[in-house]
Amino acid sequence: MANAGMVGLDWQQRINWDRLRKYRLERARARMKAAGLGAMLLMYDENVRYVTSTLTPGWNRLKPGLRYAMLCGDDAPVLFEQGDIGMQIERHSPWIPKDHVRWSYAWIKGAAGPASLAQVKKFTNAVKQEMKKANVAGMKLGVDFIDINMLKVFGEERIEWTDGMTPMMEARAIKNEDEQEALRMVGAIGDAAHWEFMKFLQPGRTENQLTAHIMQYLYSVPGMEDVEDVIVSSGPNTWPNWRNFSDRIVKPGDIVFMDLAALTWNGYKSCYYRTYCAGKEPTSEQKDIYATALKWLYDSIKAVKVGTTTREIASKWPSAKEAWGYAEEDQAAANLWGHGLGLAQYDQPVISRIWSLDHPIEIKEGMVFALETQHGKKFEWGVRIEEMLIVHKDGIEIISSFPVEQITVVDPMPGYSTLAGR
C-alpha cells in the first residue's frame, strides 16, 4: 500500500481496519492457546487495544485496572470499562458484543486505601465468572500485570495464574499488511515533523520552544492520538544523551537532535531521531563522529533479514568498553539499541548487546522495529540517528525517509563563518 493516505475512501483500498481488528484478536487467541492458557486478563493499554480495538484515553494510561479486558477460550473479548463509559463503547465499537461490555472494579494501584482488597475481591469474582461462562474455569489464567493485592486474593481463590505478557508480546511482534501500512503512515508523519523542525530550528530558540512547536504541529495531524514525548537536546545536553528537553538556549554552532519518541497515530508509535547543526557548519570532528555512528547504524541494518537473530544485529556494534571505555554494557543502555514498534514503543524484538548476544531472538517476516546509534564528546556535543524498518520475506523496507547521510545543517548564511568546518 505504501503510504496511500490517512483517511478512508470509497474508491481506494487503504488500511482495512476490520481486517486489522480480526487479525490482532485471532493472533492473540492463537498465542494464548499455544501457551496452554484458558484465558488472558489484560490490563496494559497496548494489550487491551490489541484484543478489543478500543482506545485508552490519556488520563487513563499507566493506571492498570481502571479499564481491562479478558480473552477467554473461543469467546469474544470482554471489556471492563470504567464506570458508565461502556455505554459509549457500545456506540463506537460494534465489533464487541454489547453483552461483553462490563464496568470495571478498580483500586487504582492501591489509592483506594483500605478498600483496595475489597475491590480486588470483586474484580476476582468477575474474572472467575467470565472464565466459567466461556467454559475455561479451572484452566490457567495468563495475566500481563500483577500487584500485591491481586497476589493475595488470587491465592485465596486458588486461581492458577501465570505469565500472560509473553504470549501478547509474541502476538504483537508480527504485523499484518494493515499494521505495516499504519506504521508507514507513522514514518511519513515523522518525515514531515523533521522537515518542520528543520525549518523552525535556529539559534536563540530554546529546547522547550522547539519541543512545543513540534508537539503543536503533530497534534494538527488527523488521526493523532498522543505524542508521548518530543526530545530536543542541544550542546552539552546531547552527550551523554539525557533524553529530555529543557529551557536551554540553542547557540550558533550547537549540535541539536530531535527524537519523535512515540507520536501515536491510530495507536501505532514512532521512534525517530535526526541530528542537526544550528547556524554553522559542523566541525570536521563532529562530521567524523557522525560518520562513525552512521556506520554503526547501517552495519546493523544490513544484518537484518528473516531467519537471522538479534545476536547478529547487536554484534555489529562495538562493546561499551570499546566505544566509550565503560566497565559493562549496562552502563551504555540504549546507546546502541533496537526495539519493536507497534501499539507499544517496545514491542519485540528489543536489541542490545546487554542481552541479545546471549539470549537471541529470531527475526521474522512482519516484524517492525527501530535501530538507533549515538556517539559524542562528554558534556560537549553528541549525535544520534535512528531508522524505522519493516522486515519482509525478501529484504527490509526503511520507513523513515528524512535525509540521514550527514548532519543536517540549518544555516541561513552558509559559508559566512571563517571558522566553518574547523
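The values are calculated or read from the model by the stated rules, or taken from the named source; none is laboratory data. No experiment lies behind these values; they were computed from the predicted model shown. Glycine also receives a Cβ, built like all others from the backbone with ideal geometry; neighbour counts cover every protein chain displayed. Only protein heavy atoms, including side chains, enter the accessible area calculation; ligands, DNA and RNA are left aside. Shrake-Rupley method; radii C 1.70, N 1.55, O 1.52, S 1.80 Å.
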Would you say TYR44 is open to solvent by 10 Å² or more (accessible area, probe 1.4 Å) and within 18 Å of GLY142 (Cβ to Cβ)?
yes
Considering every residue within segment 228-236, establish whether at least one is open to solvent by less than 10 Å² (accessible area, probe 1.4 Å), under 21 Å from the mean Cα position of the chain (by Cα) and not β-branched (Val, Ile, Thr).
yes
List the pairs whose first member sits in segment 17-33 and is part of a helix (DSSP H, G or I), whose second member is open to solvent by 80 Å² or more (accessible area, probe 1.4 Å), and whose Cβ atoms are under 8 Å apart, counting only residues at least 6 apart or on separate chains?
ASP18/TRP95; ARG21/TRP95; ARG29/ASP74
Going by the structure shown, is GLU225 under 30 Å from GLU365 (Cβ atoms), in contact with a strand residue (DSSP E or B) (Cβ under 6 Å, 6 or more places away or on another chain), touching a residue at least 12 places away in the same chain (Cβ under 8 Å) and surrounded by fewer than 21 Cβ atoms within 10 Å (Cβ to Cβ)?
yes
Check on GLY36, in a loop (DSSP other than H, G, I, E, B) and at pLDDT below 90
no
Failed condition for GLY65, given (1) more than 24 Å from VAL227 (Cα to Cα); (2) small (Gly, Ala, Ser); (3) part of a loop (DSSP other than H, G, I, E, B); (4) open to solvent by less than 20 Å² (accessible area, probe 1.4 Å)
(1)
Kindly list the number of the only condition in (1) open to solvent by 10 Å² or more (accessible area, probe 1.4 Å); (2) of a type in the set (Asp, Glu); (3) free of Cβ contacts under 8 Å to residues at least 60 places away in the same chain that fails for GLU81.
(1)
Residue in segment 193-212 that is among the small types (Gly, Ala, Ser), in contact with a helix residue (DSSP H, G or I) (Cβ under 8 Å, 6 or more places away or on another chain) and modelled with pLDDT of 95 or more present
yes
Are there any pairs with C-beta distances below 6 angstrom linking a residue in segment 92-116 that is closer than 15 Å to GLN82 by Cα to a residue that is open to solvent by less than 50 Å² (accessible area, probe 1.4 Å) and among the charged types (D, E, K, R), with the two at least 6 apart or on different chains, and if so which?
SER104/ARG67
Quick one: is VAL78 among the hydrophobic types (A, V, I, L, M, F, W, C) and more than 15 Å from ALA344 (Cβ to Cβ)?
yes
Among the residues of segment 351-391, the number that are open to solvent by 20 Å² or more (accessible area, probe 1.4 Å), within 16 Å of ILE313 (Cα to Cα), in contact (Cβ under 8 Å) with a residue 60 or more places away in the chain and out of contact with any His (no Cβ under 9 Å at 6 or more places or on another chain) is 1
Take ALA262 and tell me if it is open to solvent by less than 10 Å² (accessible area, probe 1.4 Å), outside any strand (DSSP E or B) and closer than 23 Å to VAL368 by Cβ.
no
Which residues, counting only those in segment 265-293, are open to solvent by 10 Å² or more (accessible area, probe 1.4 Å) and under 24 Å from MET185 (Cα atoms)?
ASN266, LYS269
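Residue by residue, here is whether (1) closer than 30 Å to GLU26 by Cβ; (2) open to solvent by 10 Å² or more (accessible area, probe 1.4 Å); (3) without any contact (Cβ under 8 Å) to a residue 12 or more places away in the chain holds:
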| residue | (1), (2), (3) |
| --- | --- |
| GLY142 | yes, no, no |
| GLU156 | no, yes, yes |
| VAL186 | yes, no, no |
| THR206 | no, yes, no |
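Restricting to segment 1-32, give me the number of residues that are within 16 Å of ARG172 (Cβ to Cβ) and surrounded by fewer than 17 Cβ atoms within 10 Å (Cβ to Cβ).
Total meeting the criteria: 3.
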Looking at (1) assigned to a helix (DSSP H, G or I); (2) open to solvent by 40 Å² or more (accessible area, probe 1.4 Å); (3) closer than 26 Å to GLU170 by Cα, which is the only condition VAL306 fails?
(1)
Restricting the search to segment 149-166, which residues are more than 13 Å from LYS121 (Cα to Cα) and β-branched (Val, Ile, Thr)?
THR162, THR166
In this structure, is ILE301 part of a helix (DSSP H, G or I) and either crowded, with 18+ Cβ neighbours inside 10 Å or of a type in the set (Ser, Thr, Tyr) (or both)?
no
